[in-house]
Structures are given as C-alpha cells and as structure tokens.
1. List, please: which pairs have Cβ atoms under 7 Å, are six or more places apart or on different chains, and start with a residue in segment 66-91 that is farther than 20 Å from Ser48 by Cα and touching a residue at least 40 places away in the same chain (Cβ under 8 Å) and end with one that is part of a helix (DSSP H, G or I) and of a type in the set (Phe, Trp, Tyr)?
2. Can you report the number of residues in segment 73-86 which are out of contact with any Leu (no Cβ under 6 Å at 6 or more places or on another chain) and in a helix (DSSP H, G or I)?
3. For Ala54, indicate whether it is free of Cβ contacts under 8 Å to residues at least 40 places away in the same chain, surrounded by 18 or more Cβ atoms within 10 Å (Cβ to Cβ), assigned to a helix (DSSP H, G or I) and aliphatic (A, V, I, L, M).
4. If a residue must be among the β-branched types (Val, Ile, Thr) and either within 16 Å of the chain's Cα centre (by Cα) or in a helix (DSSP H, G or I) (or both), how many such residues does segment 109-157 contain?
5. Here are Leu161, Leu116, Leu103: which of them is closer than 20 Å to Met82 by Cβ, surrounded by 16 or more Cβ atoms within 10 Å (Cβ to Cβ) and of a type in the set (A, V, I, L, M)?
Amino acid sequence: MTLFSEKGYANVFVAEIAEAVGIKAPSLYKHYKSKQDIFNAILDEMKSSYDRQASTLNLNGNNASADAEIYASVSENEIVKMGLGLFSYFLHDEYAQKFRKMLTIEQFNNSELAQLFTKQYADDPLSYQSALFSMLCLKGVLKEENPNVMALQFYAPIFMLLTLCDREPSREAEFTALLEQHVLQFTKLYRKEEK
C-alpha cells in the first residue's frame, strides 16, 4: 500500500513489493498470483478495517437498514460523535490514508482505478446515505425530503473537509469543528420536531 500510494499502482512492480517486504519475487508468487491479487488483498483489508471501525461506533456501516434503527434512537451528540469518529478514522488510519491517496492519484491514469475511486468515495457513500435517510424519513425521524439530495448535502462537505485535511493537516482542528457544526446544522434542518 505504501508503494502504491507513493509511486502509483502502475509504477510499482512485483519485484519492488517483494523487496519491500523482505522476500524474493518468486516467493511472493507463492502467496499472490499477480500484482492484481495483491491489490485485491488491499481492498479486502480496507473493507475489514472499515468494518472494525464502524463496529467500534456500534454501527454496521454497510447496511443502511440496520443503521437506521441505531440512528433513530440516538441523540444529536451521539450522531456527532459517530460522524467525528468515522471522519477521524478515514483521516488518521494509515491504511485508509494511503488507499485514498493512491486512488486520488491513479484516477487520472487508470480507468479501472478511476471507477473504484468513484465507487469508494461517491457512489457507495451516497447510496448508503440515501438509503439511510429514506428509512429515517419513513420512520418519522427526519422530514420527508428527497433522500438523494439529503445524502449529497450531508456527504459532500464531509468528503471536501477530508480532502482539505489531507492537503492541509495543520487545519484539522478548524475543519473538525466545522464538521461538527455541519452535522448539527444538518440534523437541525432535517430532524422532525418531537411533539
């Protein structure tokens, strides 16, 4: 992952990977058939890491239906805590950082990795958020608005703040405070008033 994030996927060769882990290339082929298999293992590790992080926040993170039950029963402060926890994970987890950096760079060089970037950082999060907000609207927790627009309004600023923190780590405290305000304002705008 380090090599891919520093040099780009296309510019890393199996011999370099073997050298980085302290073995010879033929030995590496005993574990992985190709560089693509190594990359697939990275994808599996990213998913496992994310699932572990979501679990520590008492979330599924992939199943909007399961998470709608959780979000329907927690306070605004708990929602902020969950949001900040996920943001901090994506910002500080070394593996997640390097993966995001690699895909950011490679999206301009490799159409398959461009599609993966779009899936990872746009399509999947927006789909999950849209399904989550749709269910929360049906449960009467949120106002009945277009869940696709709600997802875009919620997620886009978070991704923007994440990419800004990547480039300007010295502004993390500022951006984290802004994220907290974003989550609170979003909740204030869309949460139904209790009668």
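No value in this document is a laboratory result; all are computed from the given coordinates. Keep in mind that what you see is a predicted model, and the values were worked out from it rather than measured. Cβ atoms come from the backbone with ideal geometry, glycine included; neighbour counts cover every protein chain shown.
1. Ile79/Tyr71
2. In the first step, residues of segment 73-86 are kept if they are out of contact with any Leu (no Cβ under 6 Å at 6 or more places or on another chain); the result is 73-81, 83-84, 86.
Those left that are additionally in a helix (DSSP H, G or I): 76-81, 83-84, 86.
Residues in segment 73-86 being out of contact with any Leu (no Cβ under 6 Å at 6 or more places or on another chain) and in a helix (DSSP H, G or I): 9 in total.
3. Values: free of Cβ contacts under 8 Å to residues at least 40 places away in the same chain: yes; surrounded by 18 or more Cβ atoms within 10 Å (Cβ to Cβ): yes; assigned to a helix (DSSP H, G or I): yes; aliphatic (A, V, I, L, M): yes.
When the stated conditions are applied, Ala54 passes them.
4. Here is the first cut: in segment 109-157, the residues among the β-branched types (Val, Ile, Thr) are 118, 141, 149.
After this cut, where a residue has to be either within 16 Å of the chain's Cα centre (by Cα) or in a helix (DSSP H, G or I) (or both) as well, the list is 118, 149.
Qualifying residue count, segment 109-157: 2.
5. Unique residue meeting the criteria: Leu161.
A quick yes/no check of all residues on (1) over 29 Å from Ser88 (Cα atoms); (2) over 22 Å from the mean Cα position of the chain (by Cα); (3) crowded, with 17+ Cβ neighbours inside 10 Å:
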| site | (1), (2), (3) |
| --- | --- |
| Thr2 | no, no, no |
| Phe13 | yes, yes, no |
| Ile17 | no, yes, yes |
| Ser27 | yes, yes, no |
| Ala41 | no, no, no |
